[in-house]
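Enquirer: Handing you this structure, nothing more for now.
Here, each number is a calculation from the coordinates, and none is a lab measurement. A quick note: this is a predicted structure, and the numbers were derived from the prediction, not measured. Cβ: placed from backbone, ideal geometry, glycine included. Neighbour counts: every protein chain shown.
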Amino acid sequence: MRKSIISLVLALGLAAPAFSDTLTLRPDAPARYVVVKGDTLWGISGRYLKKPWNWPRLWQMNRDEVKNPHLIYPGDVLVLTWVNGQPRLGLERNRREVKLSPQVRIEDQDRALPSIPAKAIEPFLSRPLIVDIDSFSRAPRLVAGSDEHVAMSSGDRAYAMGLDQGGSWQSYRPNKPLRDPDSGETLGYEVTYGGDLAVEKMGDEVQSLRVRKVAEEILVGDRLVKAPRDYFVSYVPHPPEKMVQGKIISTPNGVAGAAQYYNVAINLGQRDGLETGHVLDILKNGSLVKVTTPDNRETKVLLPTEKAGSLFVYRVFNRVAYGLVMESAVPIGVGDVVRTPDEE
């Protein structure tokens, strides 16, 4: 059990269903909604707003609250009411709507709602699938398997050099470079996850491990990365404060046309001001098509760029980031543009 602080300050200073030029309450927004298991912050936001990532503004969250949002749980009841001509969203308690104030609630962290479907991004959270090649080349490595085997199976003993601590480690090997489609700069390397190993004995020169799980292959020569701690995706969606624009540079597993809940990598990262929770529009450049003009001439015209979907950024590296396609009108692919959402 962990202590999770809920401090949802939901009183709003808004005078009409259209809260401002850029924040609009859906005409079918429910007056009362019971949170259920399987809900996400994005999904609930979509019940109230046309643009779900604007919910922090509906709740009047400040910047720190958006970065570390307060959590809601299955069974909580959200109530939309109007006070002095202004809407207010709160929790129903004892059959009355109350304004929430900071409080401590003892809950199982796993019950709290994630921002987006956790299962869709779980592998991309627990494994460093994009690495800096310089630091990766200096990482500890597997130097031998039991009985001189090159490939190892679950339960096999393995030997490594360079480990500085015990515990759980993950094996990786380089896959392909990720390059900026415009500048040609190498942004990082995608790596292939081999499996999990646990240290059994720390030696001064060689360390002994036991293979706990094989995902694809664990091979002699694989690099080892300390297994990260599990963490909970609880960032509320919000647009970047400034205009950023980039491109999709990879669709994991080589998917040609990504759709809703597919993961993609983009050529934006921490150095560009990107952070976890940012939402970006996905745009497809118009294609060149042959048309017949009113005077019966055949010519080619470039169709306009159209919004193709929305991307929720959930893991950010220095020069690249992973995002989950939340909405997609058409298949999403490498080369499609991502940028700060337009105002309504």
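Enquirer: In this model, which of LYS37/LYS307; LYS176/LYS213; LYS242/LYS284; LYS37/LYS247; LYS176/LYS307 are farther than 26 Å apart at the alpha-carbon?
Expert: LYS37/LYS307; LYS37/LYS247; LYS176/LYS307
Enquirer: Scan the range 286-344 for trypsin sites (Lys or Arg not before Pro) in coil per DSSP, keeping those whose Cβ has at most 13 other Cβ atoms within 10 Å, and list them by number.
Expert: In loop regions of the range 286-344 (DSSP not H, G, I, E or B), the sparsely surrounded trypsin sites (Lys or Arg not before Pro) are ARG297.
Enquirer: Here's another thing I want to ask about it. Multiplying the sequence separation of ARG297 and SER153 by 0.36 nm and subtracting their Cα-Cα distance, what value in nm do you get?
Expert: 45.2 nm
Enquirer: Then there's this: Treating the beta-carbon of each Lys and Arg as +1 and of each Asp and Glu as -1, no other charges, what is the dipole magnitude of the range 242-326 about its Cα centre, to the nearest 20 debye?
Expert: Using only the charged Cβ atoms, the result is roughly 180 debye.
Enquirer: So, one more: Given Cβ point charges of +1 (Lys, Arg) and -1 (Asp, Glu) and nothing else, what value in debye, to the nearest 20, does the dipole of the range 127-188 about its Cα centre take?
Expert: Using only the charged Cβ atoms, the result is roughly 140 debye.
Enquirer: Okay, moving on. Please report, in debye to the nearest 20, how large the charge dipole of the range 183-330 is about its Cα centre when each Lys and Arg carries +1 at its beta carbon and each Asp and Glu carries -1 there.
Expert: Around 180 debye, computed over the range 183-330.
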